[in-house]
Amino acid sequence: MAERFDRTTTTTCGYCGVGCRLEARAREGRVVSIAPALDGPANRGHTCLKGRFAHQFSRSRERLTTPLIREDGQLRSASWEEATARIVEELTRIRRERGPDAIAGLASSRATNEDCWAMQRLMRAAIGTNNIDNCSRVCHSPTSYALRRSLGYSGATGSFDDIEHADAAIIIGANPTEGHPVAGARIKQAALHGLRLVTIDPRRIELADYGVLHLAPRPGTNAAVLLGLAHVLEREGLVARDFVEARTTGFDAVRELIAAYSPQAVQEITGIPAADLEAAAMIYGQAGEASILWGLGVTEHKFGSEVAQLLCNLALMTGKVGRPGSALLPLRGQNNVQGSSDMGALPDTYSGYRPVADETVARAFEQAWGVPLSRTPGMKIPQMFDAAVAGDLKAMFIFGEDVAQTDPNTTHVVRALEALDFLVCQDIFETETTAYADVILPASSFLEKTGTFTNAERRIQLVGAAIEPPGEARTDFDILTALSRALGHDMGLEAPADAMREIAALTPEFAGVTYERLGRRGLQWPVAPDGTDAPILYGERFEQPDGRAHFAALPYKEPGDAADDEFPLVLITGRRLEHYNAGTMTRRTANLELLPAEWLELHPDDAARLWVADGDLVSVRSRVGRIEVHARITDRIEPGHVFTAFHFPEVRTNLLVGASADVNTSCPEYKVVAVDVRPVQEAPSATPALASAG
Ligand code: SF4
């Protein structure tokens with residue numbers, strides 16, 4: 001009997017930020033099965049249905065297999081030489097006529113560290129601009145901002161292992177069993193073995209059933225919840241005075257601020273019963289070791305970065321940081337969203353989050369790359385779209401992102417893409433965004449490349465190529481380095497391993513990283529020159545100039561949107577277990593049979609008031625757009641709120657999301673959108689209207 005597979009490659013999952021290690025088995029150039037690596041540090045022999053089964057996309061007939069060029073409004077197949085020549089001609093022209101800052105690029109948080117390194121180098125050294133960003137802008141940029149300001153490094157303070165070492169945990173604004181399923185399973189197991197779990201979310205997430213307490217705040221009131229928890233911790237004498245005294249600054253201002261956030265006052269703002277808030281504070285404060293996990297329900301708000309700082313406050317005032325079981329663990333979304341930012345695919349920082357305006361840092365990069373580099377921070381993603389609409393940004397190079405589906409204020413994004421003189425997309429499928437491209441480059445999936453991803457616990461892990469890219473598609477690394485060469489900047493990097501050597505040489509946190517040292521378990525940065533890594537940060541000092549963590553005295557402020565007479569319900573958006581992000585990959589697998597369409601979750605009381613029955617088609621209208629979607633009646637959602645995801649282009653949920661964004665990072669406020677919901681009698685329209693509300 002023939003072997004069922006002829007090649008097994010150890011790799012890392014291409015979906016979420018848990019970073020499960022996988023064994024990909026291939027036969028005759030196709031992946032035939034995927035199994036968990038038994039020694040995977042984050043997954044310990046487990047995967048979810050995405051990592052294990054959602055790989056058929058890699059040989060979908062819809063894969064891009066040849067470059068495409070737009071001519072007379074139509075896309076046609078082209079050779080790599082033609083596509084490259086067109087890109088070089090257009091980008092060179094725009095740079096000559098309008099300067100390098102008229103061009104912008106987006107790196108992909110689904111691509112490897114080495115790919116993202118090549119992308120930011122292409123934009124900085126070959127084009128000459130800091131207009132480079134990645135999708136962390138629309139997810140965890142507030143987390144990065146908060147961790148850097150409060151503690152020092154932009155990363156989790158511990159590891160997933162801390163879940164098992166904790167006596168208690170708070171999970172706020174995250175739904176791990178759907179968004180990060182293997183981490184969710186580890187939390188479930190820990191709860192079954194005694195972890196005292198407090199969940200905080202407007203929806204009754206599945207993990208609430210495993211916890212000891214669930215708090216359901218009104219959307220947009222997280223800050224008040226956290227200030228109230230801090231109030232009770234102070235009132236009950238649960239502040240770690242010695243730790244605060246020895247290792248932090250700024251607590252006095254916080255103590256003054258939280259005096260006003262009594263449980264009764266917080267109940268008024270959040271709707272959480274005062275007794276429940278008090279109980280939650282006691283569970284966290286009295287635990288020997290306790291961790292805090294959070295997701296986009298914290299960050300995707302007008303004051304998301306401030307709320308993330310308030311989470312740091314809780315850990316600092318109780319001294320619950322820097323020890324096994326006491327960790328701050330942001331659940332990162334895309335599988336390499338940590339890494340793409342670590343690599344400097346950001347408009348204001350080089351790798352390791354060092355400012356582009358820092359003369360010493362900029363000179364080091366100039367010396368290594370042999371070109372002058374701009375000291376001016378570039379545009380963030382929303383600014384890029386604004387500049388395109390205003391006519392100041394003329395070209396974009398979008399690598400592995402479907403901004404026309406995933407980014408907020410879709411109508412504005414589409415206007416921006418249409419306004420560009422020239423758009424290059426590098427992707428594995430045609431998407432909502434590639435519809436506006438002048439050149440589309442066929443790229444590779446995670447199963448077809450080598451390099452590294454960095455998961456949510458800062459673990460840098462190797463990715464192996466299980467199969468070749470289909471047709472004439474190339475690896476992202478090959479495409480980006482070749483394009484840079486064609487644009488006149490030869491990076492001198494033949495393979496991803498060369499890029500990692502350069503990353504290590506230019507990035508202090510990666511100083512000791514080599515592929516050999518990464519081995520099967522990976523390493524958690526910062527990695528010292530001798531290869532010692534850091535599963536737990538801040539055991540002795542915080543990464544601040546004074547070595548101390550910094551409290552932030554930030555009051556509760558109202559969200560950017562709120563229900564009113566015209567838009568009486570609040571929409572929250574999120575993810576579902578079976579699909580991932582724009583669904584570009586998972587909708588091309590058997591997962592589509594498990595979940596073939598999107599729906600809107602509606603509480604039974606609201607459904608009865610609106611005359612909506614389970615399965616009815618409804619119109620959802622916000623201040624900026626309208627969609628149609630089928631309703632599902634469930635008491636997992638609180639009255640007054642509705643929930644949907646954005647995995648399906650047929651339901652362009654982000655048409656509903658406006659321009660409100662985090663005050664410090666421009667991360668969109670996806671989680672609080674006032675909407676009006678009504679039953680619809682007729683069949684759904686094929687394409688949702690891009691028109692404004694009304
Ligand atoms: Fe992949 Fe995340 Fe599922 Fe692990 S939990 S298999 S990383 S999608």
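If the requirement is being away from the ligand (no atom under 16 Å from the Cβ) and crowded, with 24+ Cβ neighbours inside 10 Å, which of these qualifies: V463, V403?
Result of the check over V463, V403: V403.
Show me the helices (runs of 4 or more DSSP H) entirely contained within the range 178-254 in which 2 or more residues are farther than 21 Å from S150 by Cβ.
So the answer is 181-192.
Is it the case, given these coordinates, that A357 is assigned to a loop (DSSP other than H, G, I, E, B), under 24 Å from N130 (Cα atoms) and not β-branched (V, I, T)?
Yes, satisfied.
With the checklist (1) more than 16 Å from the ligand (Cβ to nearest atom); (2) among the acidic types (D, E); (3) within 28 Å of the chain's Cα centre (by Cα) in hand, flag the one item D6 doesn't pass.
Status for D6: all satisfied but (3).
Within the range 520-535, is there a residue that is within 25 Å of the chain's Cα centre (by Cα) and without any contact (Cβ under 8 Å) to a residue 40 or more places away in the chain?
yes
Among residues belonging to the range 57-75 that are of a type outside the set (A, V, I, L, M) and touching a Lys or Arg at 6+ places or on another chain (Cβ under 7 Å), point out the one that is nearest to the ligand (Cβ to nearest atom).
F57
Which members of the range 650-668 meet the condition of being at pLDDT 80 or above and either among the β-branched types (V, I, T) or in a helix (DSSP H, G or I) (or both)?
Once the filter is applied, which keeps residues that are at pLDDT 80 or above and either among the β-branched types (V, I, T) or in a helix (DSSP H, G or I) (or both), the range 650-668 yields L655, V657, V663, T665.
How many residues are assigned to a loop (DSSP other than H, G, I, E, B) and surrounded by fewer than 16 Cβ atoms within 10 Å (Cβ to Cβ) when one looks only at the range 504-543?
11
Give me a count of the residues in the range 9-36 that are within 11 Å of the ligand (Cβ to nearest atom) and in a loop (DSSP other than H, G, I, E, B).
7
Provide a single number: the residues in the range 183-200 that are crowded, with 22+ Cβ neighbours inside 10 Å and hydrophobic (A, V, I, L, M, F, W, C).
Count: 6.
Check the range 166-173 and report whether any residue there is within 16 Å of the ligand (Cβ to nearest atom), touching a residue at least 60 places away in the same chain (Cβ under 8 Å) and within 28 Å of the chain's Cα centre (by Cα).
yes
To keep it simple, each residue is scored yes or no on (1) touching a residue at least 24 places away in the same chain (Cβ under 8 Å); (2) crowded, with 20+ Cβ neighbours inside 10 Å; (3) away from the ligand (no atom under 16 Å from the Cβ); (4) assigned to a strand (DSSP E or B).
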residue: G51; (1), (2), (3), (4): yes, yes, no, no
residue: E81; (1), (2), (3), (4): no, no, yes, no
residue: E90; (1), (2), (3), (4): yes, no, yes, no
residue: R96; (1), (2), (3), (4): no, no, yes, no
residue: L122; (1), (2), (3), (4): yes, yes, yes, no
residue: A125; (1), (2), (3), (4): yes, yes, yes, no
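Where residues in the range 283-293 are touching a helix residue (DSSP H, G or I) at 6+ places or on another chain (Cβ under 7 Å) and surrounded by fewer than 24 Cβ atoms within 10 Å (Cβ to Cβ), which of them is farthest from A552 (Cα to Cα)?
Checked the range 283-293; the qualifying residue farthest from A552 (Cα to Cα) is E289.
Being aliphatic (A, V, I, L, M) and out of contact with any Gly (no Cβ under 9 Å at 6 or more places or on another chain) is the filter; apply it to the range 144-182 and report the residue that is surrounded by the fewest Cβ atoms within 10 Å (Cβ to Cβ).
Of everything passing the filter in the range 144-182, L151 is surrounded by the fewest Cβ atoms within 10 Å (Cβ to Cβ).
Does the range 462-475 contain any residue that is among the acidic types (D, E), outside any helix (DSSP H, G or I) and closer than 26 Å to C16 by Cα?
Checked against the condition, which is being among the acidic types (D, E), outside any helix (DSSP H, G or I) and closer than 26 Å to C16 by Cα, the range 462-475 yields at least one hit.
Of the residues P496, P469, only one is over 20 Å from L106 (Cα atoms), buried (at least 21 other Cβ atoms within 10 Å of the Cβ) and more than 16 Å from the ligand (Cβ to nearest atom); which?
Exactly one residue qualifies, and that residue is P469.
Go over the candidates L417, L441, L373, L393 one by one and state the one that is over 21 Å from the mean Cα position of the chain (by Cα), farther than 28 Å from L68 by Cα and either in a helix (DSSP H, G or I) or touching a residue at least 40 places away in the same chain (Cβ under 8 Å) (or both).
Result of the check over L417, L441, L373, L393: L373.
Could you list, in sequence order, the residues of the range 312-339 that are surrounded by 24 or more Cβ atoms within 10 Å (Cβ to Cβ), more than 15 Å from G250 (Cα to Cα) and either among the acidic types (D, E) or more than 16 Å from the ligand (Cβ to nearest atom) (or both)?
K320, V321, S326, A327, L328, listed by residue number.
Give me a count of the residues in the range 602-649 that are part of a loop (DSSP other than H, G, I, E, B) and not small (G, A, S).
16
Collect the residues in the range 53-77 that are without any contact (Cβ under 8 Å) to a residue 60 or more places away in the chain and either crowded, with 18+ Cβ neighbours inside 10 Å or not in a strand (DSSP E or B) (or both), keeping them in residue-number order.
Once the filter is applied, which keeps residues that are without any contact (Cβ under 8 Å) to a residue 60 or more places away in the chain and either crowded, with 18+ Cβ neighbours inside 10 Å or not in a strand (DSSP E or B) (or both), the range 53-77 yields R61, D72, G73.
Which pairs have Cβ atoms under 6 Å, sit 6 or more apart or on different chains, and link a residue in the range 14-36 that is touching a residue at least 40 places away in the same chain (Cβ under 8 Å) and of a type in the set (S, T, Y) to one that is assigned to a loop (DSSP other than H, G, I, E, B) and within 14 Å of the ligand (Cβ to nearest atom)?
Y15/N335; Y15/Y580
Just for the range 37-49: of the residues that are free of Cβ contacts under 8 Å to residues at least 24 places away in the same chain and surrounded by fewer than 17 Cβ atoms within 10 Å (Cβ to Cβ), which one is farthest from the ligand (Cβ to nearest atom)?
Out of the qualifying residues, it is L38.
Could we say that R124 is charged (D, E, K, R) and closer than 19 Å to I479 by Cβ here?
So R124 passes the test.
Go over the candidates R86, R110 one by one and state the one that is in contact with a strand residue (DSSP E or B) (Cβ under 6 Å, 6 or more places away or on another chain), part of a loop (DSSP other than H, G, I, E, B) and within 29 Å of L373 (Cα to Cα).
Unique residue meeting the criteria: R110.
Would you mind finding the one in T143, T157 that is in contact with a strand residue (DSSP E or B) (Cβ under 6 Å, 6 or more places away or on another chain), in a loop (DSSP other than H, G, I, E, B) and among the hydroxyl-bearing types (S, T, Y)?
So the residue among T143, T157 that is in contact with a strand residue (DSSP E or B) (Cβ under 6 Å, 6 or more places away or on another chain), in a loop (DSSP other than H, G, I, E, B) and among the hydroxyl-bearing types (S, T, Y) is T157.
Has the range 606-616 got any residue that is modelled with pLDDT under 90, within 26 Å of A208 (Cβ to Cβ) and either of a type outside the set (S, T, Y) or out of contact with any strand residue (DSSP E or B) (no Cβ under 8 Å at 6 or more places or on another chain) (or both)?
no
Give me the residue from the range 445-456 that is assigned to a loop (DSSP other than H, G, I, E, B) and surrounded by 24 or more Cβ atoms within 10 Å (Cβ to Cβ) and, out of that set, farthest from the ligand (Cβ to nearest atom).
K449
The values are calculated or read from the model by the stated rules, or taken from the named source; none is laboratory data. Note that the structure is predicted; figures quoted are calculated from it, not measured. No Cβ is skipped: glycine too gets one built from the backbone with ideal geometry, and neighbour counts run over all protein chains shown.
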